[in-house]
Amino acid sequence: MSSGDHDDHGLGDSHDHDHAHKHSHGHAHDHNGEDRHGARQPARFDPARAARLDDPRRFEHLAPHQVLELLDAPRGALVIDFGTGTGIFAIEIAKHRSDLRVIALDEQPGMLELLRAKPAARNLGNLEAVLTDEVERFAGLGDRILALNVLHELGDEAIKQMIGLLKPDGEVLFIDWDSSIDRPIGPPKDHTYDAAEARARLEGFGLGVELLPALKYHFVLRASKTNVRENAAPR
């Protein structure tokens, strides 16, 4: 799993990256040797820049209440924040919905250490920070999965892993940077998808995908395994 990080790649910066990779849709590995085949962004987020993920200005264009409404989690649901980074949205979900069990999942131990160190996280009994190595214990248990600013970073294997976490009637909410929108923040356009490209990629994994109204800088997709026969892309 690529560390999701909900990355803004610098609020107001010039979109510069720490990586000298060229964009590729082919077979690729990042600096750590992780298989990222299929990922649009060529390298995962650098944890040395993690402080940017906690900038409260992020809520100006992606408010937690919007995410909660779109997530539409049933009472008592297991919600997995897939690629939580420092957990800024996982904390908000757990704080505002005490009935939920929230799993903040990430592949990078350093990100989860930053999450656990936050006083807000320590005070939430319904929030658990989990390393990807432990993800199998949640296989088939997820009522809702949040994939916020992560799809462009996910390789094919990570998407398969995500699908494996869903209950038969579970749903994944994808909120990601829209390459069709001019924006002063976020990763470069050629590192992200537009809504149609993202939908086509997910349908290729046998998911039924619903396009929801766009946000200021993001497209929004809801995906599930329940309507595959109706919505899957032709093969």
- Listed residues ASP46, ASP72, ASP133, ASP54; which is modelled with pLDDT under 95, surrounded by fewer than 19 Cβ atoms within 10 Å (Cβ to Cβ) and either touching a Ser or Thr at 6+ places or on another chain (Cβ under 7 Å) or under 17 Å from LEU166 (Cβ atoms) (or both)? ASP54
- Going through the range 97-120 one residue at a time, which ones are more than 19 Å from the chain's Cα centre (by Cα), in a helix (DSSP H, G or I) and small (Gly, Ala, Ser)? ALA120
- Among strands (runs of 3 or more DSSP E) entirely inside the range 142-233, those with 3 or more residues being surrounded by 21 or more Cβ atoms within 10 Å (Cβ to Cβ) and acidic (Asp, Glu) are none
- Scan (1) under 21 Å from ALA104 (Cα atoms); (2) at pLDDT 95 or above; (3) not hydroxyl-bearing (Ser, Thr, Tyr) for the single condition ASP194 breaks and write down its number. (1)
- Message: Exactly one of these conditions fails for ALA94: (1) over 16 Å from the mean Cα position of the chain (by Cα); (2) modelled with pLDDT under 60; (3) not in a loop (DSSP other than H, G, I, E, B). Give me its number.
- Response: (2)
- Item | Hits in the range 126-141 - residues which are part of a helix (DSSP H, G or I) and not hydrophobic (A, V, I, L, M, F, W, C) | THR132, ASP133, GLU134, GLU136, ARG137
- Message: If GLY38 meets every condition in (1) part of a strand (DSSP E or B); (2) small (Gly, Ala, Ser); (3) modelled with pLDDT under 90 apart from one, which number is that one?
- Response: (1)
- Please list, ordered by first then second residue, the pairs with beta carbon atoms under 6 Å, 6 or more apart or interchain, first in the range 51-79 and more than 14 Å from LEU146 (Cα to Cα) and in a loop (DSSP other than H, G, I, E, B), second hydroxyl-bearing (Ser, Thr, Tyr) and at pLDDT 95 or above. HIS61/TYR217
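The values are calculated or read from the model by the stated rules, or taken from the named source; none is laboratory data. All figures in this text were calculated on a predicted structure; none of them were measured in a lab. Positions of Cβ are generated from backbone atoms using ideal geometry, with glycine treated the same way; all protein chains shown enter the neighbour counts.
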